[in-house]
1. Run the numbers for ALA234 and ALA249: contour at 0.36 nm per residue of separation, minus the present Cα-Cα distance, in nm.
2. Obtain the nm distance between the two label points defined at ALA372 and ARG301 by a simple spin-label model: each point lies 7 Å from its Cα along the Cα-to-C-beta direction.
3. Would you mind estimating how fast segment 36-142 diffuses translationally, via Stokes-Einstein at 37 °C and 0.692 mPa s with the Kirkwood radius over Cα pairs, in µm²/s?
4. In terms of the ratio Rg/(2.2 N^0.38 Å) built on C-alpha atoms, what value belongs to segment 270-317?
5. At a 10 angstrom cut-off on C-beta neighbours, averaged per residue, how do the peptides 136-147, 281-292 rank from highest to lowest?
6. Please work out how much length the chain gains when fully extended from THR141 to SER270, using 0.36 nm per residue of separation minus the C-alpha to C-alpha distance, in nm with one decimal.
7. ASP326 label point, 7 Å along Cα→Cβ, cut-off 16 Å on backbone N: hits in segment 253-270?
8. With no solvent and one equal point scatterer placed on each C-alpha of segment 67-130, evaluate the Debye formula and give log10 I(q)/I(0) for q = 0.15, 0.23, 0.25, 0.28 Å⁻¹, two decimals.
Amino acid sequence: MDPSLAARTLTASTEIATAALSGDDPAAVLSLVVRSAAALAEADLGLVMARADDGSLTVEAAHGAQEPIGLTLSSRSSAARVARAGVPIVADDVTTDPRTAPYVPRELRGYGPFAAAPFGTRERRLGALTVYRRKGAALFTPATVDVLTAFAAQAGLVLVLAEGATARQRVDLYEERERIARDLHDVIVQRLYAAGMQLDLLARRPSKKLAKADATRLSDAVDQLDAAIADVRAVVRALRQPDPEPPTALSESARAEVGTARELLGFAPSLDIAGDVDGIPAATADNTRAALREALSNVVRHAGALRVAVHLRRDGDRLRLTVADDGCGIPEGVTQRGLKNLKERAEQVGGTCAVRSSPRSGTTVTWEVPVA
């Protein structure tokens, strides 16, 4: 490889790693990736395409004279095959090569030389990184395609790592908020409530006749404690539902939690939802959302699982959440604080939480509560 090209590739990769791992906006990082790729390949147009569940590709970032952001390519297109198989492809003319011509959209028919490289890692194939030159321009050389392929792999790996780090930070934040909320609810509120009850009993004790001024001050103190309790409970609700506009639908929340777990596990847990889980009281939805988060967090931290299944089902006035994994079971000596929290949360609302675990079959958590 040309030493100057190698140096530019290293510089671009380092810049992308710094931006991604520093928590920069993902759109800005993708723009940096595609701009660097176009410069390294000396291309007129560069595209970063994200892979959808159906195999199609959507242009997420572009750099060049024409930037077709939002354009969707068929799952049968050459770029989609590259994203799926992880093997780069190069064509002298994207509009005439039989491998590529049938699927070239109108927006890209002004280009000729074409190269595409898989974007991401073998475990997380995010999509494809493609470059184009105008018709009549020089072809992409094998050396250029090798550089593009190596660069796409490095940039994809950095984004996967950054995605995982962000997800871990989000889970850590959720867990810390939940811990603070539980401490406030279980300790602070109870102490304030007990103090208020003692003062109220003192004010009502017939053998202790208080002066009118003292009785007024005592009554004011009780009112202030009641207000403090209401304020703390409001803080608890905000901590347990920290988003500015939290989702009201439990099904939407469940998909979001499973999506977070997918980022941390490296594979997607299955999710099965049955019954009207969205038509339940907000308090039940909050408890269920927190229970799912706790259960998935335990799987991420301890299970070493290859498969995870989440079932959320409403049967009449009962709501059942099941999280099953094929991991190593609950290891010896591991603190079971998370499982204890799950059981306490269920019991507080009249429900149950059962845990089955073994090194051979993994762990299954069944959390069931009344809907009312």
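Read the figures in this text as sums done on the coordinates, not as results from a lab. Since the model is a prediction, treat every value here as computed from it, not as a measurement. Neighbour counts are summed over all protein chains in view; Cβ atoms, including those assigned to glycine, are modelled from backbone coordinates with ideal geometry.
1. Values: separation 15, 0.36 × 15 = 5.40 nm, distance 2.06 nm.
Extending this stretch completely gives an extra 3.3 nm.
2. 3.6
3. Details: Rh = 13.4 Å.
For the chosen part, D equals 246 µm²/s.
4. Numbers: Rg = 12.4 Å, N = 48, 2.2 N^0.38 = 9.6 Å.
Relative to the rule-of-thumb radius for its length, segment 270-317 sits at 1.30.
5. Values: 136-147: 14.8, 281-292: 19.2.
Put in order of decreasing packing, that is 281-292, 136-147.
6. Values: separation 129, 0.36 × 129 = 46.44 nm, distance 4.30 nm.
Working it through step by step, the gained length comes to 42.1 nm.
7. Label zone hits: 266-270.
8. So the normalised log intensities are -0.42, -0.97, -1.12, -1.31.
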